[in-house]
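Undergrad: I'd like to ask some things about the structure below.
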Amino acid sequence: MRRDRAASGALRLLAAGVICVCLPSTASALQSVRLQATFTPERLGHDTTVGFAFQIAASGNQVPSPLTGIEVSYPVDLGFALSELGLARCSAGALEAFGPQGCPANSLMGYGTALAEIAIGPSILRETVRVIVFRTTDHRGHLALLIYASGATPVSAEIVFPAVVFPAVAPFGGRLDMAIPLVPSLPEAPDVAVVQFTSTLGPQHLHYHERIHGRVVSFQPRGIPLPTSCPPGGFPFSAKFRFLDGSHAVAHTTVPCPHRMSRRRPAIGAA
């Protein structure tokens, strides 16, 4: 694991984008969570970028217990395996040694940010963290990702941790499972706590490269295919959170069914 400069520390997280309908759920008096999910664009039968986001709060305006794990379950028929995302693979060793520059461009799968908090006496220090998601070698036949997170101030550090996609029971088609490492912050201070996270998985802002007839051509990879029909009530998502203090929390959200696109022919002269 690569950790640079000053004190050892920083943050952890997992995989966004834009915001949707959210239903908060609390499984502990200590931590409450909210989950969000989005499709960009929202068009049935077309490729999309899937966005995930969550927020964590503690009672009494305190810093939450550090997050140690999260499982995000996504809807049936969301075709992660049918996209062009992750045409190349990045190894954990290369990412830890050289940062994002050590990974092939075609292994990029998404971007994001996180907000972390550190309690220093009565004060709370906050840090914004950059997040990049890469494809890595499959884990026992399951799609696997690497999450790269880097922060600069008040703690300068970089961390890498894996995420694996496993099957899930209906109404979900799969779950993204992450064990998030504990990372110390400043001397004598508690571990860093993630309080917000947002990330995308999809072609939005991605550019891949291929060599055609001796020339390197840039292209945008195909995104995650949406099914041609929407489940009753919309596309369900769920997330389970685990914390260092032993508590758990669960949150749910639903992406509403997209409006069907009109098939009317464009007027003459329309773009």
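Undergrad: Please get the size of the charge dipole for the stretch 21-255, origin at its Cα centre, with Cβ charges of +1 on Lys and Arg and -1 on Asp and Glu, quoted in debye to the nearest 20.
TA: 420
Undergrad: Taking 7 Å along the Cα-to-C-beta vector as the label spot, tell me the Val76-Leu186 distance in nanometres, rounded to one decimal.
TA: The modelled label-to-label distance comes out at 5.1 nm.
Undergrad: Next up: Taking H as built 1.01 Å from N, whose amide H comes closer than 5 Å to the amide H of Val195, not counting residues under 5 places away?
TA: Leu115, Ala116, Glu117
Undergrad: Give me, ordered by chain and number, the residues 5 or more places off His139 or on other chains with an amide H under 5 Å from its own placed amide H.
TA: Ala144
Undergrad: Would you please state the base-10 log of I(q)/I(0) at q = 0.19 1/Å for the stretch 132-194, with intensities from the Debye formula using one equal scatterer on every alpha carbon?
TA: Normalising to I(0) and taking log10 leaves -0.80.
Undergrad: Sticking with this structure for a sec: Ranked by Cβ crowding within 10 angstrom, fewest neighbours first, how are Ser73, Ser59 ordered?
TA: Ser59, Ser73
Undergrad: Assuming R0 = 35 Å, what is the FRET efficiency of Leu244 and Thr128, from their Cβ-Cβ distance, to the nearest 0.05?
TA: Efficiency, from the Cβ-Cβ distance: 0.95.
Undergrad: Once a ≥ b ≥ c are taken as the square roots of the eigenvalues of the Cα gyration tensor of the stretch 21-255, is the result rounded (a/c under 1.5), prolate (a/b larger than b/c) or oblate (a/b not larger than b/c)?
TA: Oblate shape, in that a/c is at least 1.5 and b/c is the bigger or equal ratio.
Undergrad: Would you mind pulling out the separation of the Cα centroids of the stretch 202-238 and the stretch 63-96, in Å?
TA: Distance between centres, Cα-based: 15 Å.
Undergrad: Still on this structure: Loop only per DSSP, at most 13 neighbouring Cβ atoms within 10 Å: give me the trypsin sites (Lys or Arg not before Pro) in the stretch 95-144, ordered by residue number.
TA: Listed in order of number, the matching sites are Arg140.
Undergrad: Another question, if that's okay. Among Ile56, Ile212, Ile224, what is the fewest-to-most ranking by other Cβ atoms within 10 Å?
TA: Ile212, Ile224, Ile56
Undergrad: Please list the non-local residues whose amide H lies under 5 Å from the amide H of Arg222, H modeled 1.01 Å from N, same-chain partners needing a gap of 5 or more.
TA: Glu84
Undergrad: Say the dipole of the stretch 21-255 comes from +1 at the beta carbon of Lys and Arg and -1 at that of Asp and Glu; which of Ala53, Pro184, Thr128 then lies farthest toward its positive end?
TA: Checked the options; the winner is Ala53.
Undergrad: What list of ³J(HN,Hα) couplings, whole Hz, do you get for the stretch 100-116 from phi and the Karplus terms 6.51, -1.76, 1.60, once you set θ to phi - 60° and write x for glycine and proline?
TA: Those phi angles translate into x, 5, x, 10, x, 4, 7, 9, 5, 10, x, 10, x, 9, 9, 10, 10 Hz.
Undergrad: Here is a follow-up. Give me the net charge for the shell around Gly69: Cβ to Cβ below 9 angstrom, other residues only, Lys and Arg +1, Asp and Glu -1.
TA: 0
Undergrad: Can you pull out the GluC sites (Glu not before Pro) in the stretch 157-233 whose DSSP state is coil and whose Cβ has at most 11 other Cβ atoms within 10 Å?
TA: Glu188
Undergrad: I want to make sure I understand the PRE zone here: with the label point 7 angstrom from the Cα of Cys257 toward its beta carbon, which residues in the stretch 211-230 have backbone N atoms less than 20 Å away?
TA: 225-230
Undergrad: In whole Hz and in residue order, list the ³J(HN,Hα) couplings for the stretch 245-255 that follow from phi through the Karplus curve 6.51 cos²θ - 1.76 cosθ + 1.60, θ = phi - 60°; x for Gly and Pro.
TA: 6, x, 7, 9, 8, 10, 9, 10, 7, 9, 8
Quick note: the coordinates plus some simple rules give every number you see, no bench work behind them. Just so you know, these numbers come straight off a predicted model, no measurement behind them. Neighbour counts are summed over all protein chains in view; Cβ atoms, including those assigned to glycine, are modelled from backbone coordinates with ideal geometry.
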